[in-house]
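For reference, the structure is listed below as structure tokens.
Readers should treat all values here as calculations from the given coordinates under stated rules, not as data from a laboratory. Computed from a predicted model, the values in this text were never measured in an experiment. Cβ placement follows ideal geometry from the backbone for every residue including glycine, while neighbour counts extend to all protein chains displayed.
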Amino acid sequence: MRDFIRPVFVIAWKDIMLELRTKDIVVSALVFALMVIVIFNFALNITPPMVDSLAPGILWLAFAFAGVLAMGRAFITEGDQGSLDGLLLCPVSRDAIFLGKMSSMFLFMVLIESLVLPIFVVLFNFDSISFKLIAIVLLGTLGFATCGTLFSSIAFNLRSREIMLPLLFFPVVTPIIIACVEASLGVITDTVNIIGTGRWIGLISVFDAIFLVLCPWAFGIVMEE
Amino acid sequence: MRILLLFVVAILLSIDMFLIFMWAPTEVHMGHVQRIFYIHVPSAWIAFLAFGLVFLGSIQYLRTREQKWDNFASASAELGVIFTTLVLVTGPIWAKPVWGIWWTWDVRLTTTLVLWLIYVSYLMVRSYSDNHYQASRYSAVLGIIGVINLPLVYFAVNWWNTQHQRLVLGIGSTEAGLDPDMRTTLYFSLLAFSSLFVWLLWFRVFLKKTEDMVRENTRLGTDQ
């Protein structure tokens, strides 16, 4: 077990160190997420009474768009000077490489979200932040990061990878986007809805579990040469 | 053999057209537009069959790494996308006069649309790959993920739909209320479309095999 966990940490730490030095992913995705929020404000003309019902949609779209932007860069840095080949030649399993990459992407996304949420609170006078909402954000982000890392590894090797990642990513994460928006809406508006927030959270968890098993396996196939 | 099957398909489809447009009784409430049902339903059935075959072909390809399974899966995916497109086009044509709207975000409609998007990206991955081997592996992964993801999409959209109290729309009558002649036409249509699918799949796999042979023989020069 230790032998499996250690490489995961080392690979994740490598990405974090790299990010600390370049600040490529987090800064660009954060600014992009803020842009999305600001543009939504103009597009939907949000007034204070509407904020609670619109917040989940706007937040999750901002997270998803920023996420896909961040995810697109997950393997770009590895492309330089064949460092991906070096990584693959390491005597560690492909699962460990995937989980390491995924953990760092998850951390970056959580960091972006933890900066976007307070700004959203200030800009829209949004005061319905709760621990439950944060838990939903974390669960949803886990699913995003898992799928995103796999599709990023696929898109990385394709021509016109910038367009292929969102095209692959969004149809597959449809269920999790629906579930996250609905669960957040349930928590924010605190209405007793027909389906119940619990079942939506259940769906997000099932999605996370399935893709946590499926994606490392698929990554092994994608990365074989 | 293939020519023979083509004959059978042509005859079946001609009889099918006759049944649909001349023989089947006109529906009382919907009128002639209801006849699109005999094309819509078999197309949907074939589309789901095709995506099921993509799943099987992908698993077999990853297990055996034989090119024929990849050919089978990708040919099936192409046909699946074509038939899903037919479903998505015929549906609104029927819905506008009957429901009064082109589209509703009903669970079956939305799931079909998401399915179509997944397999369009499947085909795009294939055409954007640098080499054949890469295309096969990537698309096999997608073919498997797409099908495993399907129940999740279905549940999510279904619950989401219930939550928002959409207009509940159905074809109006279940199969029990279907006129016997209409049912016969529908079943015959299913048979005709299935035979068309089998022939198209067979022919496409044959074409892919030929493409592979040409590629093998011209590999000396360029890599493409």
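Using a 7 Å offset from the Cα along the Cα-to-Cβ direction at both B:MET1 and A:LYS14, what is the distance between the two label points in nm, to one decimal?
5.1 nm
How much length would be gained if the chain were fully extended between B:ARG65 and B:ILE15, taking 0.36 nm per residue of separation minus their Cα-Cα distance, in nm to one decimal?
Full extension from B:ARG65 to B:ILE15 adds 13.9 nm.
Once the Cα gyration tensor of region A:162-214 is diagonalised, what are the square roots of 5 times its eigenvalues, in whole Å and ordered largest first, as equivalent ellipsoid semi-axes?
Value: 25, 14, 7 Å, ordered largest first.
Where the only charges are on Cβ atoms (+1 Lys, Arg; -1 Asp, Glu), what is the dipole of region A:2-224 about its Cα centre, to the nearest 20 debye?
200 debye
Label region A:37-153 by shape, choosing from rounded, prolate and oblate, from the square roots a ≥ b ≥ c of the eigenvalues of the Cα gyration tensor; if a/c is under 1.5 it is rounded, and otherwise prolate applies when a/b is larger than b/c, oblate when it is not.
Verdict is prolate for region A:37-153.
At 7 Å along Cα-to-Cβ for each site, give me the label-to-label distance between B:LEU191 and B:ILE101 in nm.
Taking the simple label geometry, B:LEU191 and B:ILE101 are separated by 3.8 nm.
Put +1 on the Cβ of every Lys and Arg and -1 on every Asp and Glu Cβ in the protein assembly as shown; which of A:ASN45, B:GLN67, B:PHE193 then has its Cα farthest towards the positive end of the dipole?
With unit charges placed on the Cβ atoms, the residue in question is B:GLN67.
Can you tell me the FRET efficiency between A:SER83 and A:ILE129 if r is taken as the Cβ-Cβ distance and R0 is 30 Å, rounded to the nearest 0.05?
Efficiency, from the Cβ-Cβ distance: 0.15.
Mean Kyte-Doolittle of at least 1.6 and a Cα length of 18 Å or more along the axis: which whole DSSP H helices of chain A meet both?
A:24-44, A:51-72, A:94-124, A:131-156, A:174-189, A:197-222
Compute the Rg to Rh ratio over the protein assembly as shown from the alpha carbon atoms, using the Kirkwood formula for Rh, and round to two decimal places.
My calculation of the ratio gives 1.02.
Under 10 Å, Cα contacts only: if you run a Gaussian network model on chain B, which one of B:ALA73, B:ALA24, B:ALA44 comes out with the highest mean-square fluctuation?
B:ALA24
Determine the shape class of chain B: with a ≥ b ≥ c the square roots of the Cα gyration tensor eigenvalues, call it rounded for a/c under 1.5, and otherwise prolate if a/b is greater than b/c, oblate otherwise.
In terms of gyration-tensor shape, oblate.
Under 21 Å between C-alpha atoms is the cut-off here; go through the protein assembly as shown and count lysine pairs that meet it, provided they're at least eight residues apart or on different chains.
Lysine pairs meeting both conditions in the protein assembly as shown amount to 5.
Which of A:PHE106, A:ALA64, A:ALA74 sits closest to the plus end of the dipole of region A:55-118, meaning its Cα is farthest towards the positive end, when Lys and Arg get +1 and Asp and Glu get -1 on the C-beta?
Of the candidates, A:ALA64 comes out farthest on the positive side.
Choose one answer from A:ASP80, A:ASP15, A:ASP95: the residue with the largest mean-square fluctuation in a GNM of chain A with alpha-carbon springs under 10 Å.
A:ASP80
Give me the distance in nm between label points sitting 7 Å out from Cα along the Cα-to-Cβ direction at A:TRP217 and B:PHE203, one decimal.
3.6 nm
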